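As structure tokens, the structure follows; a few thoughts come after it.
Just so it is clear, none of the values below were taken in a lab; they were calculated from the coordinates. Bear in mind the structure is a predicted one, so any value in this text is a computation, not a measurement. No Cβ is skipped: glycine too gets one built from the backbone with ideal geometry, and neighbour counts run over all protein chains shown.
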Amino acid sequence: MIGRISYNKFHNDVEMHIRNKNANLSTQQNQIASQKKVLNPRENPIAISQGSRYASSIRVRELYATQNRKLYDTFQAAEGSLRQSIEIFQRSRELSIQAANGYLANDDRTVMAEEVNQLIDQLVSVVNQKSGDGNFLFGGTSSQREPFRALQTASNRLRKDVITQVEYTGSNRVSMVEISENELIPHRLAGNEVFWANKSRITGGASGLTYSLGEDAVVKINDHQISLSQGDSIYAIVEKINAAPVAVQASIDSVTGALSIESTKFEQLWLEDEQGNVLQDLQVIESPFGPYNVHPNALNFQESIFDVLIRLRDSLFEDNYELAGGRALGTIDKGLESILNSMGKMGAYSERLSFTYERIERYEIPNFTRQYDESMSIDLAQATVRYSELQVALQAAYKVGTDIMTTSLLQYLR
């Protein structure tokens, strides 16, 4: 007995295999065109998630690399400005040594004074230079305005206005920038540290031996807040200032009993009463906001590199060779030391930035790119071979299907 044979079964089987082969070929073709393993997130959610993380890591590091290139240019500009400042101070030092010669005539020192005056003008121009992005180099976080403002008065000797004071108008905060994940370095230094010639000291104009704080207060020293409590004496205030993470040393003047605050490094003292009037009551400052708020009764020992050169120029004009070649020379050396220290810092930051940029460009980006390719990208050679295999398989399916479809049912009944 001959069993029943369904012709539709052959037709459906052939049609199913041809559809599968077409689908596989289409998928392989799309993968080659896009060069991606996964075309639809639902096909492989894990691979898509990993690929997204790798792609995000690559983009972040490319942004770091681009930013670090610009930062390196900024550091190079800052180093150039510091180098010019060093040259100006070295020339001023030479003039100070020459001025100490008691055999020089008054006219000779006048010529030297005129040269120092030109050096002062040049130094103001140098410290107010901008980086390639249009921001000032030495204003700290305040990079949109000139960090140093020159005040001028008329000079009878030179018959023109000359600089008699230079004020720092920038910020006492150092601008920080992230050069890699969780890796920060200073970006723009504060000019009232870079171009300062001495440790600063301010001693209040009033005795604080009987002082007692009437209410809780907060003082700010060089941008560090220090909380004080009601009833604190001057001894407690000194103790709390010295315990704060700020580079100053507080003490009580042994003669006047006044509060004295001295920086432990070359920088300007920036004193403020943020809450209450503690420093104003002790006649350390006369207004809440710094830095040019020192009380007129206070003893103020602060000296920028501009003060050093201005004093040298004036002593030369006055033919005071002892001052020009004595104290002036000592403070010039200190100012030069301060700039050289800043130069060393900038060099160290540049080297660190260079190493970080190289690490990102040579190792991190290629590594994440390789991981992304392994997760998301196809091997083009293998994919091409696979595509050819699928084409052959599809052609074979068509051939077999054609042979089966042309076979008559009567052939099975013979």
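Annotations
- Shape analysis of the stretch 97-251 yields a ratio of the Cα radius of gyration to the Kirkwood radius, Rg/Rh, of 1.11.
- A simple rule links phi to the HN-Hα coupling: the Karplus curve 6.51 cos²θ - 1.76 cosθ + 1.60 with θ = phi - 60°, which for the stretch 223-236 gives 6, 10, 7, 10, 8, 10, 10, 4, x, 4, 8, 5, 5, 5 Hz, with x for Gly and Pro.
- Computed 3J(HN,Hα) for the stretch 80-95, one whole-Hz value per residue from the Karplus formula 6.51 cos²θ - 1.76 cosθ + 1.60 where θ = phi - 60°, is x, 5, 5, 5, 5, 4, 4, 4, 5, 5, 5, 5, 5, 5, 4, 5, glycine and proline marked x.
- Residues whose placed amide H lies under 5 Å from that of Val166, excluding near-sequence neighbours: Leu151
- Listed peptides 65-73, 195-203 by packing density, highest first (mean Cβ within 10 Å): 195-203, 65-73
- A crude spin-label estimate for the pair Glu181 and Gln249, with each label 7 Å from Cα along the Cβ direction, gives 4.4 nm.
- Residue-wise HN-Hα coupling along the stretch 302-311, computed from phi with Karplus coefficients 6.51, -1.76, 1.60 (Hz; x: Gly, Pro): 9, 8, 8, 5, 5, 4, 4, 6, 5, 5
- Sequence-distant residues sharing a close amide H with Leu189 (under 5 Å, placed H): Gly140
- When the pairs Lys160/Lys265; Lys199/Lys345; Lys160/Lys334; Lys240/Lys345; Lys130/Lys345; Lys160/Lys199 are compared against a 27 Å limit on Cα-Cα distance, Lys160/Lys265; Lys160/Lys334; Lys240/Lys345; Lys160/Lys199 fall above it.
- Rounded Å value of the spacing that divides the Cα centres of the stretch 342-370 and the stretch 62-79: 10 Å
- Taking amide H as placed 1.01 Å from N in the peptide plane, Val174 has no amide H partner under 5 Å among residues 5 or more places away or on another chain.
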